[in-house]
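Engineer: Dropping the structure in here first, questions after.
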Amino acid sequence: MKRLLLAGLTVCLVIAAAAFSANQVPTNGELQIVTEERNPWTNLRLNNDPADFKFAIVSDRTGGHRARVFSQAVAQLNLMQPEFVLSVGDLIEGYKKEDDAAKLHDEWKEFQGFVGRLQMPFFYVPGNHDVANEYEEKLWKEKFGRRYYHFVYRNVLFLCLNADDPPGKDGGIGPEQVAYFKGVLEQNRNVRWTVVALHRPLWSQANVAKNGWLEIEGQMAGRPYTVFAGHVHRYQKFVRNGQSYYQLATTGGGSKMRGVDYGEFDHIVWVTMKREGPVLANILLDGIYSENMTRPVTDEPGVVANNRKPPYPTRGKLHFEGSPTPGAMVTFYLINPADKKTQRVADGLVEPDGTFTLSSYGPNDGAPAGDHVVTVVWRKPFYTAEGTPGPNWLPESYSKPETTSLKATVKAGINDFTFEMKKDPPVEAK
């Protein structure tokens, strides 16, 4: 009897296995699952194209870097596990000459200690803080060799540019570098995509006609590409020649940290390279936690800011011809009593109800005490797709410290101002 039961069980198992095998759907030789007439899933086309890959981009760490941010990002990148990490420069505070070489070496030692903890490659790109002068450029060469280079990964071409060539100027790409990348682009005509990383957004600078960017851009005509830069510490997307250009915010660099509306936040850019092009996700650092819901704690010191004038809470209302100007930028310029020169110290965006709150060093901390002239610019859009400032919808007289009629005196305590702007009077014909 036991033998008959055992034989019957064996037959049932064989029949079940045959049915399982008949209804099994392998996907890329990995997924094994039993399908029926109706199934609790949308499809079995797994998002695992072998040509796809993921990498991360970190942005500016300098200009008065804040404590425990970049080093935290390193730990968070190890949680995210990209295939590699790309930078857009400004990695150390820099701006030191040979007579202060010890501090410069210490800064590089500290930074290399951070990226040395990454569990994946880190690709350097120089920024103006990193190669600020001939000595810093010489030190870069001693440590890292090339100031510009390229690599290809899974048929995607990566161009890592030096946007401070030569150092100590307003930014640019020298003739030798232009020639180098011209050759690289000619030799890599058949790549599926090109990714460009540089520090300064040279396309939006006043010297764009002479800084070498247009030559690089012209050589990329006809191919799909994406450009990433930093330097301004404010996130902004541009579209030039039908291609996406990104000016990134910060990864620990100096920032008022007023949030997404201002483009001021610490982030990494998570790039998934698909066959049809890159898919971007901006991941803010304060949203990355480990499995036990803790954030990495590091001992990275920040830059101590000295000689800052204490700010006092400063807010107000602003209207033009009786109506609010949502999105307009209000800027306070402190007047030096000695020489009457002005210095930009605080700014803020106008809300839909016409209110604004100023920030000097951190979010909504106010403005320093003293007499100020006030400018207001209302650009729609703030920047055009080409990277140039958008048209100002307010009278130009309000846009410059030399011509604005708006004034304010900030005192210790809470300050509240109301500004009413009107159209410029018509100019009489002579």
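Engineer: Just from its helices, what would the mean residue ellipticity at 222 nm be for the chain, if runs of 4 or more DSSP H residues each count -39500 (n - 2.57) and the sum is divided by every residue, rounded to the nearest 500 deg cm²/dmol? Can you show the working numbers first?
Structural biologist: Working: 6 runs with 79 residues, N = 430.
Helix contribution divided over all residues of the chain: -6000 deg cm²/dmol.
Engineer: What is the Rg over Rh value, at two decimals, for the stretch 53-287, using alpha-carbon atoms and the Kirkwood definition of Rh?
Structural biologist: Values: Rg = 16.7 Å, Rh = 17.8 Å.
Rg/Rh: 0.94.
Engineer: What value does the stretch 167-308 have for Rg/Rh, both radii from Cα atoms and Rh as Kirkwood defines it? Let's see the in-between values first.
Structural biologist: Values: Rg = 17.9 Å, Rh = 17.6 Å.
Value, to two decimals: 1.02.
Engineer: If you line up the long axis of helix 70-80 against the longest principal axis of the chain, both from Cα atoms, how many degrees apart are they, to the nearest 10?
Structural biologist: Between the helix axis and the principal axis of the chain, the angle is about 20 degrees.
Engineer: Which far-off residues, 5 or more places away or on another chain, put their amide H under 5 Å from the one on LEU406, with H placed in the peptide plane?
Structural biologist: When sequence neighbours closer than 5 places are left aside, the close amide H contacts are VAL374.
Engineer: If you don't mind, another one. Convex hull over the alpha-carbon atoms of the stretch 129-193: what's its volume per residue in Å³? Intermediate values should be presented prior to the final figure.
Structural biologist: On the way: hull volume 6.0 nm³, N = 65.
In the stretch 129-193, the Cα hull volume divided by residue count equals 92 Å³.
Engineer: Near LYS274, which lysines are there with a Cα under 18 Å away, not counting those fewer than 8 places off in the same chain?
Structural biologist: LYS54
Engineer: Quick one, what does Rg over Rh come out to for the stretch 335-414 if you take C-alpha atoms and the Kirkwood Rh?
Structural biologist: For the stretch 335-414, the value is 0.99.
Engineer: Same structure again: Could you list VAL374, VAL208 in order of exposure, starting from the residue whose Cβ has the fewest other Cβ atoms within 10 Å?
Structural biologist: On the way: VAL374 23, VAL208 19.
Least to most surrounded, the residues fall as VAL208, VAL374.
Engineer: Using the Cα atoms of the chain, I'd like the radius of gyration and the largest Cα-Cα distance, Dmax, both in angstrom.
Structural biologist: So, for the chain, Rg and Dmax equal 27.9, 121 Å respectively.
Engineer: In addition: Using only the Cα atoms, what convex hull volume per residue in Å³ does the stretch 207-284 have? Walk me through the numbers before you get to the answer.
Structural biologist: Values: hull volume 8.6 nm³, N = 78.
Dividing the Cα hull volume of the stretch 207-284 by its residue count gives 110 Å³.
Engineer: By average Cβ neighbour count within 10 Å, what is the ranking of 43-55, 257-269, 329-341 from highest down? Could you put the intermediate results ahead of the total?
Structural biologist: Working: 43-55: 11.8, 257-269: 18.0, 329-341: 15.7.
Top of the packing list down: 257-269, 329-341, 43-55.
Engineer: Using mean Cβ contacts within 10 Å as the protection proxy, how do 304-310, 406-412 order, highest first? Before the final figure, lay out the partial values.
Structural biologist: On the way: 304-310: 8.4, 406-412: 14.7.
Averaged packing, sorted descending, gives the order 406-412, 304-310.
Engineer: Counting DSSP beta bridges with both partners in the stretch 311-421, what percentage is antiparallel, nearest 5?
Structural biologist: On the way: 28 of 35 bridges.
Given both bridge residues lie in the stretch 311-421, the antiparallel proportion sits at roughly 80 percent.
Engineer: Give me ASP299, ASP170 sorted ascending by neighbouring Cβ count inside 10 Å, so fewest comes first. Before the final figure, lay out each step's value.
Structural biologist: Working: ASP299 7, ASP170 13.
Lowest count first: ASP299, ASP170.
Engineer: OK, next. Tell me the volume per residue, in Å³, of the convex hull enclosing the alpha carbons of the stretch 296-355. Walk me through the numbers before you get to the answer.
Structural biologist: Values: hull volume 9.9 nm³, N = 60.
In the stretch 296-355, the Cα hull volume divided by residue count equals 165 Å³.
Bear in mind these aren't lab numbers, they're just calculated from the coordinates by the rules spelled out. What you see is a predicted model, and the numbers here were worked out from it, not measured in a lab. Note: ideal-geometry Cβ built from the backbone for every residue, glycine included; neighbour counts use all protein chains shown.
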